[in-house]
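The values are calculated or read from the model by the stated rules, or taken from the named source; none is laboratory data. Quick caveat, the model's predicted, so the values are computed rather than measured. As a convention, Cβ positions derive from the backbone with ideal geometry for all residues, glycine included, and neighbour counts pool all protein chains shown. Ligands, DNA and RNA are stripped out before the accessible areas are found, and what is left, the full protein with its side chains, is counted by its heavy atoms. Shrake-Rupley method; radii C 1.70, N 1.55, O 1.52, S 1.80 Å.
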Amino acid sequence: QVQLVESGGGLVQAGGTLRLSCAASGRIFSINVMGWYRQAPGKQRELVATIASAGSTNYADSVKGRFTISRDNVKNTVYLQMNSLKPEDTAVYYCNVGGRARPNYTIFGSWGQGTQVTVSS
């Protein structure tokens, strides 16, 4: 089993910043892709950003230039630095981690519990 614990959400004014963290723990052998997704009320969950084990990143067009994803491979943690926040960034943010688990190197994909980000205008 692999567990994810998210932190860092909250309420912020437009133009403000927040930093989300997501720590993975459990029977982890290796982690490949780590990412952040979000779901606003009445909308489908959408990709925000992903980062591969070698560090290559991918961003949704709506957050390019404002959000930065990073990871600490020693701590098995992924971060999302969110700058210049807009009201339309309001959503529940979920981290997602994929890799291989001990003891049999089985592939896993886990979701965090979600953290609320609210941006007021």
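Within region 58-80, how many residues turn out to be open to solvent by 40 Å² or more (accessible area, probe 1.4 Å) and hydroxyl-bearing (S, T, Y)?
4
With respect to D89, is the statement that it is open to solvent by 30 Å² or more (accessible area, probe 1.4 Å), more than 11 Å from the chain's Cα centre (by Cα) and acidic (D, E) true? Break it down stepwise before answering.
Values: open to solvent by 30 Å² or more (accessible area, probe 1.4 Å): no; more than 11 Å from the chain's Cα centre (by Cα): yes; acidic (D, E): yes.
No.
On the given criteria, is N83 farther than 25 Å from A101 by Cβ and either among the hydroxyl-bearing types (S, T, Y) or open to solvent by 40 Å² or more (accessible area, probe 1.4 Å) (or both)?
Yes; evaluated as a whole, the condition is true for this residue.
Could you tell me which of the residues A54, A91 is of a type in the set (A, V, I, L, M, F, W, C) and at pLDDT below 95?
A54
Using the structure shown, decide if G55 is of a type in the set (G, A, S), surrounded by 14 or more Cβ atoms within 10 Å (Cβ to Cβ) and within 20 Å of S110 (Cα to Cα).
Criteria not met by G55.
Quick one: which strands (runs of 3 or more DSSP E) sit completely within region 39-112 and have at least 2 residues that are touching a residue at least 12 places away in the same chain (Cβ under 8 Å) and over 27 Å from A14 (Cβ atoms)? Walk me through it before giving the result.
Values: elements: 46-51, 57-59, 67-72, 77-82, 91-101, 106-111.
Filter on region 39-112 gives 91-101, 106-111.
Name every residue in region 40-52 that is open to solvent by 60 Å² or more (accessible area, probe 1.4 Å) and over 22 Å from G99 (Cβ atoms), in order of residue number. Can you show your working first?
First pass over region 40-52, keeping only residues open to solvent by 60 Å² or more (accessible area, probe 1.4 Å): 41-46.
Residues satisfying the conditions are P41, G42, K43, Q44, E46.
Of all residues in region 62-121, count the ones that are in contact with a Phe, Trp or Tyr (Cβ under 7 Å, 6 or more places away or on another chain), of a type in the set (D, E, K, R) and more than 18 Å from I51 (Cβ to Cβ).
Within region 62-121, residues that are in contact with a Phe, Trp or Tyr (Cβ under 7 Å, 6 or more places away or on another chain), of a type in the set (D, E, K, R) and more than 18 Å from I51 (Cβ to Cβ) number 1.
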